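Read the figures in this text as sums done on the coordinates, not as results from a lab. Since the model is a prediction, treat every value here as computed from it, not as a measurement. Neighbour counts run over all protein chains shown; Cβ positions are idealised from the backbone, glycine included.
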Amino acid sequence: MEQRLVSPGAFCPNASCALYGRAKGNRVIRFGKTASGIQRYQCAACGRTFTEAKGAVFYKKQTPRKEILETLSFLAEGSRISSISRVKGLKEDTILRWLRDARRGGGRGAVAGLLAQPRSDRRAVGVCRANKGGEDAEKGESWRCAVVEMDTRLRAARGLAENETKGWVEALTALKRRDHPDSPPPLASDGWGGHREAWVEVWGKVPEYGGRGRPPTRKQPQEGWQHLQVVKERDNGHLTGVRLEVPYGDPSEVIDRLGESIAHGERTHLTMRQMNGRLVRKGLGFSKEFEMLQASCAWDDLIYNLCRAVKTLRVEAKEEGRRWIPRSPAMAAELTDHIWTVEELLTKIPIPNM
């Protein structure tokens, strides 16, 4: 069912109400304000009252909304939680709770609703890197795999796991669930392992039984796949060359369509490390809990896709007095028509059109 994004006060949140979840034809009216100045609403159909923060990160929070917005914005700029705690005088556990709520709240649902729109023309690049902190307490590492659209820089999918194969399975499964149910999009990736196995695991099919011998049980690659791997060759830690491998598809056709580099993916990986203090190399902000690594990575993806203007995506303005129009990856992908604010990201809620 097609979804739309609305503000919390645009529909009745009472599950037992006949108009529950309906943004059209609702009978919600303004019903004064709370002592802290938050707008209240009342549904004329069921009589239930609620505040505009219902369903948002700010619901039942004693801290002012501005303070929560500033704190979460600092997290998306690469600040460590311990640094924010010292500067603002907030408890670290409080900031962690806000980060969890931001991941589970309206922002996550908003982006899920946007990314669910079909995009069959996608060309993507994938990057995979090891990060400190995570699932394995002894090694202290986890793998983050990201799928980025070449044309729009949109982060289309993400996977976090204890090794690269599981990370890619998670990322590609999310891509399959959204808009590639039958076959993968053309994808260029780095030379790390796990790509080929993940493709077969997610989109591979078991061959039909021919009637003789033991029935097949293992999934096999399918026709029409296009996958390019850019393998960096190093000598004593120094880059000496680049080798192209084509695991799936016709080599000339795949290289012609995907190019010979994964520069967009590498640049996005650098941006991830700049935006997320938990991913900074040789730093002390790494995650000791895998759940918090998931939350921080989800949060910087939300901010990057909807709230950040990417300089290479700007377009020339036609009106006088203005040279450029800044665009976010979501704008370039035609998923939205403006750059979102952090407040808008945290308050928008997806509901079905009814």
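Residues ILE255, ILE303, arranged from fewest to most other Cβ atoms within 10 angstrom of their Cβ, appear as ILE255, ILE303. For LEU239 and ALA317, the FRET efficiency from 1/(1 + (r/R0)^6), where r spans their Cβ atoms and R0 equals 51 Å, is about 0.85. Computed on the Cα atoms alone, the convex hull of segment 137-277 gives a volume of 171 cubic angstrom per residue. Taking the C-alpha atoms only, the angle from helix 106-115 to the longest principal axis of the chain is near 50 degrees. In the elastic network of the chain, a GNM with C-alpha springs shorter than 10 Å, the most mobile of GLN226, GLN39, GLN294 is GLN39.
Relative to the longest principal axis of the Cα atoms of the chain, the long axis of helix 65-75 lies at roughly 20 degrees. Note on segment 202-315: Cα-only Rg and Dmax are 20.5, 61 Å.
The length gained by stretching the chain between GLN39 and LYS232 to full extension, at 0.36 nm per residue less their Cα-Cα distance, is 63.9 nm. Note on the chain: GNM, Cα springs under 10 Å; of ARG22, ARG103, ARG322, the largest mean-square fluctuation is that of ARG322. Between TYR209 and GLU70, residue separation times 0.36 nm minus the direct Cα-Cα distance comes to 44.1 nm. The calculated FRET efficiency for the pair SER183 and GLU266, based on their C-beta separation and a Förster distance of 22 Å, comes to about 0.30.
Taking K and R as +1 and D and E as -1, what net charge do the other residues with C-beta under 14 Å from the C-beta of ARG243 add up to? After counting each charged neighbour, the total is -3. The angle separating the long axis of helix 164-179 from the principal Cα axis of greatest extent in the chain is about 60 degrees. Note that segment 254-354 carries a Kirkwood radius of 16.3 Å, evaluated over its alpha carbons pair by pair.
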